[in-house]
Structures are given as structure tokens and as C-alpha cells.
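Single-structure report; data block below.
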Amino acid sequence: MSMYTSKIAGLGSYVPDHIVTNDDLSKIIETNDAWIQERTGIKERRHIQKGDGNSTAIMGVKASEIALERAGLVPNDIDLIVFATLSPDMYFPGCGVQVQEMMNMRTIPALDVRNQCSGFVYGLSVGDQFIKTGMYRNVLVIGSENHSGGLDMTTRGRSVSVIFGDGAGAAVLTRSDKDGKGILSTHLHSEGAHAKELALMGPSTEHWVPEIIAENPQENIPYYPYMNGQFVFKNAVVRFSEVINEGLVANGLSVEDIDMLIPHQANLRISQFVQKKFKLSDDKVYNNIQKYGNTTAASIPIALTEAWEQGKIKDGDTVVLAAFGSGFTWGSAIINW
């Protein structure tokens with residue numbers, strides 16, 4: 001079997017125009033800017049508005065068009081779509097086939113990844129493996145989320161709703177014949193014992209909408225996301241550290257070799273904890289949760305795109321991606337840029 005190397009040939013991101021500040025939220029929720037910033041580091045986020053023409057799939061397309069142009073490719077060059085999201089436009093089918101149709105692509109396969117905050121890293125790993133085995137040459141990996149339409153925008157839901165924002169990011173993976181360049185390795189894990197600590201319990205095949213409405217009082221609505229914040233935080237900082245170290249060891253690297261760490265933008269306090277633990281300087285960690293909130297599967301590709309656009313990632317740099325989220329799932333990718 002042939003073995004190739006995959007590299008990121010193009011990056012793109014898109015966020016809605018509508019900015020929602022902490023002060024905006026304080027007008028509808030019992031909260032304030034200081035409370036939100038102290039706990040999350042977030043100052044503002046982007047929300048889709050009715051009539052602005054956006055959806056999870058459409059934002060994914062907008063980010064993908066930029067990534068394809070930067071890669072010097074056209075839609076029909078893509079051999080596989082991998083779409084990561086927890087907020088698809090429809091319960092089924094997934095967003096991958098919508099992208100195939102919207103971008104007028106060939107009848108290529110479209111795979112939907114449901115690993116929430118770890119979704120982009122999982123999707124990157126899938127695309128990397130398909131290229132490494134020689135099955136495909138060009139893979140489009142997308143992370144896109146429309147959180148705002150499914151949040152409890154009342155005081156009851158403030159601990160979750162102030163955190164999340166909308167947006168999309170995309171990466172084009174392509175085959176490379178340069179050994180030791182591109183995606184060096186990916187590392188994926190899960191621990192389903194804690195699945196309900198960060199989850200949306202319904203609607204589901206066990207709890208369809210009529211049943212939910214009939215059986216649940218308004219103060220306990222299961223079709224809004226639930227998060228055990230402190231428990232998630234404690235697990236995240238441990239798993240982030242473990243999976244970053246796992247990737248470094250697998251490639252014979254040390255912390256000193258890291259040129260840029262792009263962590264999933266879950267909470268600025270988590271990123272700062274990991275940065276401090278690894279003794280990384282500010283110029284070696286990229287955070288943008290302050291501007292966009294937690295965009296789940298979109299957070300790493302949006303941050304990676306911005307870091308590259310700003311010249312913070314250069315040829316030959318060792319770039320580390322790391323994520324942790326619902327499932328629990330977590331993962332890392334080690335890249336020689």
C-alpha cells in the first residue's frame with residue numbers, strides 16, 4: 001500500500017457580521033461584562049440573524065471557497081468532504097451533502113463528523129488517513145456551527161448561552177511527497193462515561209419533541225444544552241496536557257519545539273492554564289475566543305486561519321492543534337508547516 005503525506009494547502013474562515021457583546025446580553029439576561037469575562041475571557045461573539053442568508057452549511061461553503069482559492073484548487077478537485085458540526089441544518093441528512101450540492105461538486109463522498117468541540121481534529125485525522133493511504137488526493141475538512149438558534153437566551157441558561165457563537169472554518173488537505181512535512185500525526189480519544197456532563201439530551205430518538213413538551217416543566221427543558229462547567233474544566237486541562245504530550249512524544253519533539261499552539265477555544269482560562277503548564281510564551285499560543293466565543297468544531301480552523309493570515313505561522317514551524325469537548329472526546333494534531 002502506498003503511503004503519502006498530507007499537508008494543509010489552504011485555509012479559510014467565515015463569521016456572521018452581527019456582533020453580540022456582553023453588554024448586549026446583559027439587556028436580556030441577568031449578567032454583565034465583568035461576570036462573563038472573569039469566567040470565560042469572552043468579550044463578544046457573532047450570531048446569525050434571520051434573513052442574513054446564513055446557516056451551518058452555507059457558512060461552511062463560504063469558508064471553503066476561501067480555502068480552495070488559497071489552495072489554488074476548484075471544487076471539482078476535491079475528492080472527499082468531511083464536515084464537522086453539532087448543529088446541522090437538518091436532523092438528517094448532514095451538512096456534507098449540502099456542501100457538495102452548493103459548490104456544484106462531483107458526486108464525491110461526504111462524511112459528517114459528530115465529535116463536537118473535537119470535531120475538526122477528528123475530521124482532520126480522517127482526511128489525513130485517506131490521503132496517506134493513497135485513496136484520495138484532496139480532502140476538504142470543514143468545521144461550522146450555528147449555536148445561537150438553539151441557546152436558552154434567558155437567565156436560566158446564562159452559564160451556557162453566554163459562551164457560544166456562530167462561525168465556520170475550513171482546510172484543504174492535499175497530497176505531498178515531502179517526507180517529514182505536513183500532518184505528522186493525530187491522536188484521538190474518548191471517554192463516554194462522562195457523556196451527560198456536556199450534552200443536549202433531546203430531541204432524540206428517545207425523546208421526540210411532543211414527549212419533551214408534554215413531560216417537562218419549563219424550568220427543566222432538555223432541548224437546551226447542559227454543561228457541568230467545573231467538571232468539564234477539570235477534565236479539559238488534564239486531557240489537553242496529555243494529548244499534547246502524546247503528540248510530541250510520538251514525533252520525538254519537546255515543548256521547546258512548539259512554534260504555535262492552537263487550542264480549541266472553549267474557555268480562555270483553560271487555554272491560559274495549558275499555556276502556563278507548558279511554559280509557552282504569548283507568541284506561541286493563539287486565542288481568539290475573546291472575539292468569537294466558543295464556536296465548537298469551527299473554533300480551531302477559525303483560529304488557525306487567523307494565525308496564518310497574521311503571519312504567526314511560517315514555513316517549517318511546528319504547529320500543534322488540541323481540542324477537548326462533549327463526549328468526552330479529545331485529540332491533537334502535530335503539523336510541520
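Table for the structure above
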item	result
20 Å Cα-Cα reach of Lys314 towards lysines, excluding residues that sit fewer than 8 places from it in its own chain	Lys7, Lys178, Lys181, Lys284
Rounded to 10°, Cα long-axis angle of helix 268-278 versus longest principal axis of the chain	40
Computed lengthening from Ser281 to Glu309, 0.36 nm per intervening residue step minus Cα-Cα distance	8.1 nm
Ranking by accessible area, most exposed first, for Glu191, Glu65 with a 1.4 Å probe	Glu65, Glu191
In Hz, Karplus ³J(HN,Hα) per residue of segment 50-57 (6.51, -1.76, 1.60; θ = phi - 60°; x = Gly, Pro)	4, x, 8, x, 9, 7, 4, 5
Charge dipole of the chain about the Cα centre (unit charges at C-beta), most positive-ward option of Ala250, Gly182, Pro88	Ala250
Length-normalised contact order of the chain in % [C-alpha pairs under 8 Å, at least 6 apart]	26
Gain upon complete extension [Asp317, Val97; 0.36 nm per residue less C-alpha separation]	75.8 nm
Karplus-derived 3J(HN,Hα), 6.51/-1.76/1.60, for each residue of segment 293-302, Hz, glycine and proline x	x, 8, 9, 6, 5, 8, 5, 5, x, 5
Förster-model FRET efficiency, 41 Å R0, Asn76 and Thr21, C-beta, rounded to 0.05	0.50
Per-pair calculated FRET efficiency, R0 = 22 Å: Gln290 and Lys178 via Cβ, rounded to 0.05	0.05
Pair Ile28, Lys196: separation of 7 Å Cα→Cβ label points (nm)	3.0
Cβ-placed point charges (K, R +1; D, E -1), dipole of the chain about Cα centre in debye, nearest 20	480
1.4 Å probe accessible area per residue over segment 111-211, in Å²	41
Lysines with Cα under 24 Å of Lys50, excluding same-chain neighbours fewer than 8 positions away	Lys27, Lys62, Lys291
Of all accessible heavy-atom area on segment 87-133, the percent that carbon and sulfur account for (1.4 Å)	58
Mean Cβ neighbour count within 10 Å, used as a protection proxy, ranking 44-55, 134-145, 78-89, 28-39 highest first	134-145, 78-89, 44-55, 28-39
Degrees, to the nearest 10: 229-250 long Cα axis against longest axis of the chain	0
Rounded to 10°, Cα long-axis angle of helix 119-132 versus longest principal axis of the chain	20
Computed FRET value (nearest 0.05) for Val249 with Gln272, which takes r as the C-beta separation and R₀ as 25 Å	0.60
Listed peptides 109-122, 279-292, 237-250 by packing density, highest first (mean Cβ within 10 Å)	109-122, 237-250, 279-292
Under 15 Å from the Tyr226 label point (7 Å along Cα→beta-carbon), backbone N, segment 185-204	193-204
Mean Cα-pair separation over length for segment 224-330, i.e. relative contact order, pairs under 8 Å, 6 or more apart, %	38
Cα→Cβ-extended label distance, 7 Å offset, between Thr107 and Val238, nm	4.9
Solvent accessible area, Å² - Trp337, 1.4 Å probe, full protein context	40
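The values are calculated or read from the model by the stated rules, or taken from the named source; none is laboratory data. Values in this document were obtained by computation on a predicted structure and should not be read as measured data. Glycine gets a Cβ as well: all are built from the backbone with ideal geometry, and neighbour counts include every protein chain shown. The accessibility values were calculated without ligands, DNA or RNA, using every heavy atom of the protein model including side chains. Shrake-Rupley method; radii C 1.70, N 1.55, O 1.52, S 1.80 Å.
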